Amino acid sequence: MSGSNKNWKDSNWYVSIHNFWTEYRKHKIGLLGLFLMSIFFGMAIFAPVLATHNPTPQFKVAPNYLAPSWLSVFDPNGVVTNDYITDPNFRETPIMGVNGSSGEFSYYHQSVIEGVSNESYVNLTWTHTAGTPLNYYGDDPEDVYPDYGDFAYFDQIVNWPWNNRPSDVNMSFSYATELTGDFANESIGGNLMFRVYVWIIDSSGHWTRLYESREATYTNQPQDKRVSLNYLNIKEIFDGMISLNGTPQSDPTDDLIVRVGLAPMYKFQNYLGGHPWQTFNGTVEFKFTQMKMVAYGQYFGLLGTTNWGADAWSQLIYGSRISIMIGILATSLSTAVGVIVGMVAGYFGGKVDEVLMRVVDFLLVIPGLPLMMVLAAFLGASIQNIIIVIAILGWTGTSRLIRSQVLAEKNKAYVESARAIGASDTYIMFRHILPNVTPILFANITLGVVGAILSEAGLSFLGLTNPEDPSWGRMLADARTGGAFTTGAWWVVLFPGLMITLLSLSFTFVGHTLDQVLNPRLRER
């Protein structure tokens, strides 16, 4: 075993890598570049895990230009935008109960072992037996529960930790309906004798009704329902958490109760379509799969929101994918073209060299950014086209560099020996000359990535890339057009610019170190 380890460590590739790393780690700036590069590659690889929302620039999750939530430490009374229901998917058993004599409540928590799904939900089930009367409280304002004597319900507790009320509140819940017995009859069930109600009860015990299922929603597929609280609702609910009758609220828990109830339609008549109510048998079941209450304040997420109200953090994370992918692919394509052109021009010389170098000179004379703008507008705003556009103008420097190295190598003895034994020109160029010019090529590639990253950011800033692609240049463009500079939304300007700078610096540091390690002339110094 020890002999095999020794042979493995004596192999050429291991010795080469070991010697390279021994030399590379002597350069602190190169290690810093690798550290920064590893962070950005980690961001790109684990973007789906790190991102908290949809990264599409137009995907609104909150009001525009909310500050990052960590800035709320300087504003104790500021409200951080969040979903304040801690168990939106019903992983835990909610508080539940039945008021009256006709309702039955059931709760289910189902887990599928096969891993296909892991579903938790709450069932509100009303069972009615023929001859059982319904109990209504009526309009008496002293009733314990508003309007209804019979209803099944469950409660979700919401803790409100702020001393201010939110600027806006949106609630959403998903539920499906299943009817059995007489209630499954369309002429009966379709009249919605039973409805879902949503109330919020503040810490002072005040009830505010927010939702009543007035439309026909008897379907066994979960339907998403959304409720947007108006100003009066918000004031009525949250002022009770802050003060009570003009004095500071003394409730130490600051808990709201979101109560979801299933009840018969208020003031339901004793007869429906000629059928006596007391003769109906069956069940009405509402299956709730999710419930959220998002309260909007002045702060949101790790990096706030953009001019579209999108999550800036998620865009920043996914922007690393765009920059790294375009930088590496565009540089790889331009390097391949540059190497081939430089090898052919330097090896064959004469008219071939003259024609190819005049093409290179022509492309070098033309201003790069205006030409990229024209090409991007002509080809279309897609990632593939942006890679092609950057590669079209990125190979010229590589070709001149390779040509100069090939001119110095092609008259050396090892090339003459290869010609003497009958080796073909292609074999000589790519088997003998190319390995000898590769060391200087590595440094050029890393520096070329920097140019590609900056070019993509510039094209995105000018609006020549797909507006649905989350990129750092697009974030800066949206900040400019959305008035971030005048509104003081510095986070949508600082962090994308900082990411572009740090990623470019990481490749620059690595490229500079590679040049020092692999370039024989610099290493001798």
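The values are calculated or read from the model by the stated rules, or taken from the named source; none is laboratory data. This structure is a prediction, so every number in the text was calculated from the model and none was measured. When we count neighbours, we look across all protein chains shown, and the Cβ atoms used for this are built from the backbone with ideal geometry, even at glycine.
Checking the conditions here, which among L124, L179, L192 is at pLDDT 80 or above, out of contact with any His (no Cβ under 8 Å at 6 or more places or on another chain) and farther than 24 Å from L256 by Cα? Working first, answer last.
On the way: L124 fails: farther than 24 Å from L256 by Cα; L192 fails: at pLDDT 80 or above.
Only one candidate passes the filter, namely L179.
Only one of L505, L464, L514 is surrounded by 14 or more Cβ atoms within 10 Å (Cβ to Cβ), in contact with a Phe, Trp or Tyr (Cβ under 9 Å, 6 or more places away or on another chain) and either modelled with pLDDT of 90 or more or under 26 Å from I328 (Cβ atoms) (or both). Can you tell me which? Show your work before the answer.
Values: L505 fails: in contact with a Phe, Trp or Tyr (Cβ under 9 Å, 6 or more places away or on another chain); L464 fails: in contact with a Phe, Trp or Tyr (Cβ under 9 Å, 6 or more places away or on another chain).
Being surrounded by 14 or more Cβ atoms within 10 Å (Cβ to Cβ), in contact with a Phe, Trp or Tyr (Cβ under 9 Å, 6 or more places away or on another chain) and either modelled with pLDDT of 90 or more or under 26 Å from I328 (Cβ atoms) (or both) holds for just one of L505, L464, L514, which is L514.
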Condition first: among the aromatic types (F, W, Y), in contact with a helix residue (DSSP H, G or I) (Cβ under 8 Å, 6 or more places away or on another chain) and within 18 Å of A312 (Cβ to Cβ). Now tell me which residues in region 31-63 satisfy that.
F40
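Take the residues in region 443-461 that are among the polar types (S, T, N, Q) and over 23 Å from the mean Cα position of the chain (by Cα), then tell me which one is modelled with the lowest pLDDT.
Residues of region 443-461 that are among the polar types (S, T, N, Q), as a first pass: 444, 446, 455, 460.
Checking the rest, the ones that are also over 23 Å from the mean Cα position of the chain (by Cα) come to 444, 446, 455.
On the way: N444: 80, T446: 83, S455: 89.
Across region 443-461, the extreme among qualifying residues is N444.
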Can you name the condition, by its number, that T132 falls short on among (1) at pLDDT below 75; (2) loosely packed, with under 15 Cβ neighbours inside 10 Å; (3) in a loop (DSSP other than H, G, I, E, B)?
(2)
Output the qualifying pairs, or none if there are none: Cβ atoms under 8 angstrom, residues six or more apart or on different chains, first residue in region 328-350 and over 22 Å from G451 (Cβ atoms), second residue in a helix (DSSP H, G or I) and of a type outside the set (A, V, I, L, M, F, W, C).
G346/D353; G346/R403; G346/S404; G346/Q405; Y347/D425; F348/D425
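Would you call E285 free of Cβ contacts under 8 Å to residues at least 40 places away in the same chain and surrounded by fewer than 23 Cβ atoms within 10 Å (Cβ to Cβ)?
Details: free of Cβ contacts under 8 Å to residues at least 40 places away in the same chain: no; surrounded by fewer than 23 Cβ atoms within 10 Å (Cβ to Cβ): yes.
Against the criterion (free of Cβ contacts under 8 Å to residues at least 40 places away in the same chain and surrounded by fewer than 23 Cβ atoms within 10 Å (Cβ to Cβ)), E285 does not qualify.
Is region 482-503 home to any residue that is within 25 Å of T22 (Cα to Cα) and either assigned to a helix (DSSP H, G or I) or under 19 Å from the mean Cα position of the chain (by Cα) (or both)?
Quick first cut of region 482-503, residues within 25 Å of T22 (Cα to Cα) only: 503.
Filter again for either assigned to a helix (DSSP H, G or I) or under 19 Å from the mean Cα position of the chain (by Cα) (or both), leaving 503.
Yes, region 482-503 contains a residue that is within 25 Å of T22 (Cα to Cα) and either assigned to a helix (DSSP H, G or I) or under 19 Å from the mean Cα position of the chain (by Cα) (or both).
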Considering only region 64-74, state which residues are out of contact with any helix residue (DSSP H, G or I) (no Cβ under 8 Å at 6 or more places or on another chain) and either among the aromatic types (F, W, Y) or in the same structural domain as N159 (by TED's automatic domain parsing) (or both).
W70, F74
Here is a list: I157, I200. Which entry is modelled with pLDDT of 85 or more and surrounded by fewer than 20 Cβ atoms within 10 Å (Cβ to Cβ)?
I157
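Taking the condition surrounded by 19 or more Cβ atoms within 10 Å (Cβ to Cβ), touching a strand residue (DSSP E or B) at 6+ places or on another chain (Cβ under 8 Å) and touching a residue at least 12 places away in the same chain (Cβ under 8 Å), does W491 pass? Can you show your working first?
Values: surrounded by 19 or more Cβ atoms within 10 Å (Cβ to Cβ): yes; touching a strand residue (DSSP E or B) at 6+ places or on another chain (Cβ under 8 Å): yes; touching a residue at least 12 places away in the same chain (Cβ under 8 Å): yes.
Against the criterion (surrounded by 19 or more Cβ atoms within 10 Å (Cβ to Cβ), touching a strand residue (DSSP E or B) at 6+ places or on another chain (Cβ under 8 Å) and touching a residue at least 12 places away in the same chain (Cβ under 8 Å)), W491 qualifies.
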So E92 passes all but one of these: (1) at pLDDT below 85; (2) more than 29 Å from the chain's Cα centre (by Cα). Which condition number does it fail?
(2)
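Could you tell me how many of the residues in region 43-59 are crowded, with 16+ Cβ neighbours inside 10 Å and within 27 Å of V169 (Cα to Cα)?
Number satisfying all stated conditions: 8.
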Every residue from region 404-424 that is modelled with pLDDT under 85 and closer than 19 Å to A336 by Cβ:
none
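Does F430 satisfy being of a type in the set (F, W, Y), over 21 Å from the mean Cα position of the chain (by Cα) and assigned by TED's automatic domain parsing to the domain that holds N385? Give the derivation first.
Values: of a type in the set (F, W, Y): yes; over 21 Å from the mean Cα position of the chain (by Cα): yes; assigned by TED's automatic domain parsing to the domain that holds N385: yes.
Yes.
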